[in-house]
Amino acid sequence: MSAEKMRTIRFHEYGEPADVLRFEEAPIPTPNAGHIAVRVLACALNPADWALCRGFSARKLPCGTGLDVSGVVTALGEGVTGISVGDAVYGPVDFTNYPTAGASDYAILYHWARIPRGLSHVYAAALPMVVETAARYLSWAGVKEGQTILVNGAGTMVGFAAVQMALLQGAKVIATAGVTFSDRLRSMGVPVAAHGDGMVERVRALVYEAPDVVLDTAPVNLQARSASTLFELVEIVGGDASRVITATDVEGASKAGVRTGAENIKAEGGFKLRWDVLEAYGKLAAVGCFSVPVAQTYDLANWRKALDVSLAGRARGKLVLVP
């Protein structure tokens, strides 16, 4: 580790994010072999950040927060080629092998893509985890060109991305969403039904036949949600639970019998992240053919405002810290 210090946000014990996160100084990290260091210009926040604070995937403490960043390369680890100090890049941080993460002045990336011309650092930072998760679950869902997919929770960032990806892959898409992104989804040619009582009937009114596949991305972290929504999704596809996969409701899935991707992980011989698609969607974003909406940016020192908005479920898009 370098003797120089930087600002960072991290936690030294597990608990509620507002209680355990600290804004403090820490040594600037030095990249290990195969990694790069960047001066962070934007760090997007994700629900996964708060899950880590609460002890999900427990690891050595202290641990940083902020899993998605964009910035300028400042150092290369041993064996890194094809990138140079001074290049603008974006990607996921390595929060496993270092005591800090992306919500810092400097961060370590273990996968990266160059920022294409036309894509800002703020919008580049919004991409990594959303793109990876949406691409992975869409692949696991198994929708094919010409088939119809229902994306439940298309107003979430993963759902919003999955809608666009499915359209780009030639699928027909219908969606359920709240009012925030309904008009934007309809502008893409996607019929939208509202959540809540009567959802089954509203979805059926959108299409003549049941969708071939359902991808559930509706959030469960804000309020306790029963498995009733998943049962409704199974009803929409005529009772065939194998045609429904959830990215968010593992507990509900066990009750409703729908897929979670665990069966795909087993078939693929392990958990494989889809960072291979990150560069392609960055290029699409740069020319306006793909987007992850950014709701608000915050100075790193004002991180608690971003935290409060996120935990209250009022983000309405990505929240991005800008050191």
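The values are calculated or read from the model by the stated rules, or taken from the named source; none is laboratory data. From a predicted model like this one, the values you see are computed outputs, not experimental measurements. A quick note on method: Cβ atoms are made from the backbone with ideal geometry, for glycine too, and the neighbour counts reach across all protein chains shown. Please note that ligands, DNA and RNA were not included when accessible areas were found on the heavy atoms of the full protein model with its side chains. Shrake-Rupley method; radii C 1.70, N 1.55, O 1.52, S 1.80 Å.
Beta-bridge orientation, the chain: approximately 60 percent antiparallel, per DSSP, counting only bridges with both partners inside.
Taking 8 Å as the Cα distance limit and 6 or more residues as the minimum spacing, I'd like the relative contact order of the chain as a percentage. Numbers along the way, then the final one.
Details: 722 pairs, mean separation 54.0, N = 323.
With pairs under 8 Å counted, the relative contact order is 17 percent.
Largest to smallest in accessible area, the residues S84, S104 fall in the order S84, S104 (1.4 Å probe, all protein chains included).
Probe of 1.4 angstrom, ligands and nucleic acids ignored: what's the accessible area per residue over the chain, in square angstrom? Walk me through the numbers on the way to the answer.
Working: 14170 Å² over 323 residues.
So the chain comes to 44 Å² accessible per residue, rounded to a whole number.
Of the residues E132, E24, E268, E13, the one with the largest accessible area comes first in the ranking E13, E268, E24, E132, computed with a 1.4 Å probe on protein heavy atoms. The stretch 138-171 and the stretch 240-319 have Cα centres spaced 12 Å apart. Cross-link check: pairs K272/K318; K266/K318; K144/K272; K60/K255; K172/K318; K60/K283 evaluated at a Cα-Cα cut-off of 28 Å; pairs beyond the cut-off: K266/K318; K60/K255; K60/K283. For the stretch 265-314, applying the loop criterion from DSSP together with a ceiling of 12 other beta carbons within 10 Å to the chymotrypsin sites (Phe, Trp or Tyr not before Pro) yields F271.
Under a Gaussian network description of the chain, with springs only between Cα atoms under 10 Å, the residue in L278, L52, L150 that fluctuates furthest is L52. Ordered from highest to lowest accessible area with the whole protein assembly present and a 1.4 Å probe, Y106, Y90 read as Y106, Y90.
Once the C-beta distance of E24 and I265 is scaled by a Förster radius of 22 Å, the resulting FRET efficiency is 0.05 to the nearest 0.05. Sites listed here are chymotrypsin sites (Phe, Trp or Tyr not before Pro) in the stretch 157-228 whose DSSP assignment is loop and whose Cβ has at most 10 other Cβ atoms within 10 Å: Y208. Per atom type, the stretch 130-268 shows carbon and sulfur on 51% of its accessible surface, probed at 1.4 Å. Residues considered: A205, A162, A241. Largest GNM mean-square fluctuation over the chain, using C-alpha springs under 10 Å, is found at A205.
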